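What follows is a set of notes on a single structure, which appears directly below.
The values are calculated or read from the model by the stated rules, or taken from the named source; none is laboratory data. These numbers were taken from a predicted model, which means no experiment stands behind them. FYI the Cβ positions are ideal-geometry reconstructions off the backbone, even for glycines, and counts take in every protein chain you see. All accessible areas refer to the heavy atoms of the entire protein, side chains included, with ligands and DNA or RNA removed. Shrake-Rupley method; radii C 1.70, N 1.55, O 1.52, S 1.80 Å.
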Amino acid sequence: MKKLFLLSTVVMLIVVSSCDIRKQRPEQSSAKSATDSLEKIIEQKDNEINDLMGTLNEIQEGFRVINEAENRVTIIKDGEGSNKKEEIRENIKFISTAMQRNRELISKLRQQLRESSVQGEQFKKTIDTMVKQLADKDQQLTQLRAELDAKDIHITELDETINTLNTQISSLNTENEEKASTISQQDKQLHTAWYVFGTKKELREQRILEGSDVLRSDFNKSYFTKIDTRVDKEIKLYSKDAHVLTTHPSGSYTLQKDANKQYVLRITNPDLFWSTSKYLVVQVK
């Protein structure tokens, strides 16, 4: 009987333990899933950074061998030898190939950066620096041609290389200018807002105010004044009675009277003020 009691007790403990384990499993599974997801994100970031660094190292190596080839040309042109022209031609051809390879790698690095999840502002600056290095190489090759011409060593390949570099660097600069223009336009749109102030009658005539509703229908957008939220932070309302009809966080602006007892709206926190609406409507009398 005692053995039967002990056996029953052991069975009960096993059942209870099993239940506890089953209760823990979902939490453990959830924690493991979160850990696995985090590890995958970290692994992806590491792979992307490694790819970017790999391309960057290739470009830097390209510039190194270009510098070495330029040094060889400088030594050869100042030296003696029957094969001088041929050696210079071979090195110029090598420089041309290396420059083209670096140009392709820079384009590849740009593409990698666009497609990656890495927020690489420093990479973008590095790319701009490398494009400038290519432009500097172009100037150095132009100077080298002048030095060779002075020694009556004219290399056709050098002319072709410089012409190609001029075209390709011009293309790179144009691409940079277009991107800068696009970013500037996007930035301008991001910081553009519109405001209007008028009497109740005027606002109703422009369908800006309908009953107690503001901007609910096809209102007249041309009636609004466009502003740059980074610059325009004060709006004179030229009225002794003014009410803001659109919704803007109360701590982001003040509505106070000037020396003429007329209201002036001052935006103290532009980002917060315009976060709820890019349109400002003020009713005056």
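Residue-by-condition table, conditions (1) touching a Lys or Arg at 6+ places or on another chain (Cβ under 7 Å); (2) part of a helix (DSSP H, G or I); (3) among the polar types (S, T, N, Q):
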| position | (1), (2), (3) |
| --- | --- |
| ILE88 | yes, yes, no |
| ASN91 | yes, yes, yes |
| SER96 | no, yes, yes |
| ARG103 | no, yes, no |
| SER107 | no, yes, yes |
| GLN111 | no, yes, yes |
| ARG114 | no, yes, no |
| LYS125 | no, yes, no |
| MET130 | no, yes, no |
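Right, ASN176: open to solvent by less than 80 Å² (accessible area, probe 1.4 Å) and at pLDDT 90 or above or not?
Details: open to solvent by less than 80 Å² (accessible area, probe 1.4 Å): yes; at pLDDT 90 or above: no.
No.
Would you pick out the residues in region 242-256 that are at pLDDT below 90 and open to solvent by 70 Å² or more (accessible area, probe 1.4 Å)?
First, pick out the residues of region 242-256 that are at pLDDT below 90: 250-251.
The answer is SER250, and nothing else.
Taking (1) within 11 Å of TYR195 (Cα to Cα); (2) open to solvent by 50 Å² or more (accessible area, probe 1.4 Å) in turn, LYS233 satisfies each apart from (1).
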